[in-house]
Amino acid sequence: MDIQTKFSDKVKDLEASAIREIFKLLGKPGVISFAGGAPDPELFPCEELAKAAFNVLKDQGKIALQYGVTEGYAPLRDWVKNRLVSQGIIKKDDNNETIIVSGGQQGIDLAAKSLLNPGDGVVCEQPSFIGGLNCFRSYNAEIYGVRNESDGLDMEELEELLKQHKNIKIVYTIATFQNPSGITMSLEKRRKLLELADKYDFIIFEDNPYGELGFSGETVPTIKSMDKNDRVVYLGSFSKILSPGIRVGFTSCHRDLMERMIICKQVQDVHTNVVAQMIIYEYISNNSIDEHIKKLRAAYGEKCRFMCECMDKFFPKCVTHTHPDGGLFLFCDMPEGYDAKEIMAKAVERGVAFVPGSTTMIDDKAVCSSFRMNYSTASKAEIEKGIKILGDLLKEEVGE
């Protein structure tokens, strides 16, 4: 039997995450990877989390090891809601409901599953997060790309799309310290996006896993904090501020939509891992997460500035890069016509890896001259060495 003929329309054209596939190339000893999207493991609060895990299992093991409610462990859920209120992202008494999910990716999937029919339109930043793109592809959505300028989505291009395509139901944005570009959407554009949402009747997915990792200047208010008409699904995560392996995130949106999402979650995984939720709550009850985040900001800010300095020193002048104010990534552009996939293959042979920009585009088969760099996991010595190697290769391939 040819099992492939039995695949559903939702998954038959999906391909494995190209970024995950790149990881398979990194088994070669000595490869310096700028390809990942992970926090620095040296900054994980391992001892504190170990103590929290011990206390949870010793004192509350019968609760931690039992089934939980779909909406999430109540003390953690209340803590998240109160934190969102204190940050001005949601109001204490409004139409929003907040739940705990199995990582921010599940929040995207539950909201998309609850809203999208085949052929519905989703607008994504160009470039965008591959996890979001594949999620929308899996629901047979029509995906439209809008150019991401230095201050966020090109609003004129977006409105032209909205005029032309009446099927657009969702605009997906990582407005703060975007993955993959590191770009932050301006306050003016955030307000314009909400204005367009009301005018053209669409939902905004505001994916904000990096929002607390700002290391330069003031953070722009979230789109959700300015949402007066319940247009925004807000997606957050503990992955980048505490641990990605714990797989705990949260999402907040209008309670009518959340009711659908909760039903979908019951089908997917019943509830988020209770032990992990309780460990996080035990940790934040006995440690200052804000002090921990402060350390992350300082460390990532130093590494980002150092990587930019190394690029300015070793890269050819024709290769430009973004200058993030936070998050984990920056984006590089070679002159048009060069294929970052081909150069990445040569870079791996020399012991350096990055993510070709094609993986972050709507049309991931088209030749792309851009690439994503992660600065969070490598040491400063590795950054300098890796950027020097990559710079030499780029000078050979694209010239000075």
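The values are calculated or read from the model by the stated rules, or taken from the named source; none is laboratory data. Small disclaimer: the values here were computed from a predicted structure and weren't measured. Neighbour counts are summed over all protein chains in view; Cβ atoms, including those assigned to glycine, are modelled from backbone coordinates with ideal geometry. Note: areas computed on protein heavy atoms with side chains; ligands, DNA, RNA excluded. Shrake-Rupley method; radii C 1.70, N 1.55, O 1.52, S 1.80 Å.
Quick notes
- Distance between the pseudo-spin-label points of Glu396 and Phe44 (7 Å out from Cα toward the beta carbon): 3.6 nm.
- Restricting the range 142-184 to trypsin sites (Lys or Arg not before Pro) that sit in a DSSP loop and have at most 13 other Cβ atoms within 10 Å of their own Cβ leaves Lys166.
- Measuring with a 1.4 angstrom probe and ignoring ligands and nucleic acids, His292 comes out at about 20 Å² accessible.
- From the coordinates shown, mean projected area of the Cα convex hull in nm² corresponds to which of (1) 20.9; (2) 20.0; (3) 17.5: (1)
- A 1.4 Å probe over all protein chains sorts Leu49, Leu153 by accessible area into Leu49, Leu153, starting with the largest.
- Sites Glu188 and Lys317 - FRET efficiency at Förster radius 30 Å, r taken between beta-carbons, to 0.05: 0.45
- Unit charges on C-beta of K, R, D, E only; dipole of the chain, Debye: 860 debye
- Chain lengthening between Arg350 and Arg305 when straightened (0.36 nm per residue, less Cα-Cα): 13.8 nm
- Ordered by solvent-accessible area of protein heavy atoms (1.4 Å probe), largest first, the residues Cys310, Cys46 come out as Cys46, Cys310.
- Fraction of accessible area attributable to carbon and sulfur, the range 89-153 (%, probe 1.4 Å): 43 percent
- Cut-off of 10 Å, at most 12 other beta carbons, DSSP loop: longest stretch of the chain lacking such chymotrypsin sites (Phe, Trp or Tyr not before Pro): 68-400
- Phi-derived couplings, Karplus 6.51 cos²θ - 1.76 cosθ + 1.60 at θ = phi - 60°, listed residue by residue for the range 109-123: 5, 5, 5, 5, 4, 6, 10, 8, 9, x, x, 5, x, 10, 9 Hz, with x used for Gly and Pro.
- Over the chain, DSSP H runs of length four or greater, each weighted -39,500 (n - 2.57), average out per residue to a 222 nm ellipticity of -13000 deg cm²/dmol.
- 1.4 Å probe accessible area per residue over the chain, in Å²: 45 Å²
- Share of carbon and sulfur in the accessible area of the range 343-400 stands at 51%, probe radius 1.4 Å.
- Label sites at Asn117 and Gln4, each approximated as a point 7 angstrom past Cα along Cα to Cβ, lie 3.2 nm apart.
- Local electrostatic count at Asp290 - Lys and Arg +1, Asp and Glu -1, tallied over other residues with Cβ under 13 Å: +2
- Gyration tensor verdict on the range 280-332 (Cα atoms; rounded if a/c is under 1.5, prolate if a/b is larger than b/c, oblate otherwise): prolate
- Residues of the range 258-295 with amide N under 20 Å of a point placed 7 Å along Cα→Cβ from Asp201: 258
- Relative contact order, whole percent, for the range 207-281 stands at 25, derived from Cα pairs under 8 Å and 6 or more residues apart.
- Choice from Gln164, Gln268, Gln277 showing the highest fluctuation, given a GNM over the chain with Cα pairs closer than 10 Å: Gln164
- Extension gain, Lys295 to Asp256, is 10.2 nm, computed as 0.36 nm per intervening residue step minus the present C-alpha separation.
- Straightening the chain between Glu382 and Lys166 buys 72.9 nm, computed as 0.36 nm per residue apart minus the Cα-Cα spacing.
- In Å², nearest 10: area of Asp333 left accessible to a 1.4 Å probe: 60 Å²
- Share of carbon and sulfur in the accessible heavy-atom surface of the range 154-219 [1.4 Å probe, %]: 44 percent
- Cα-based Kirkwood hydrodynamic radius, the range 118-183, one decimal, Å: 11.9 Å
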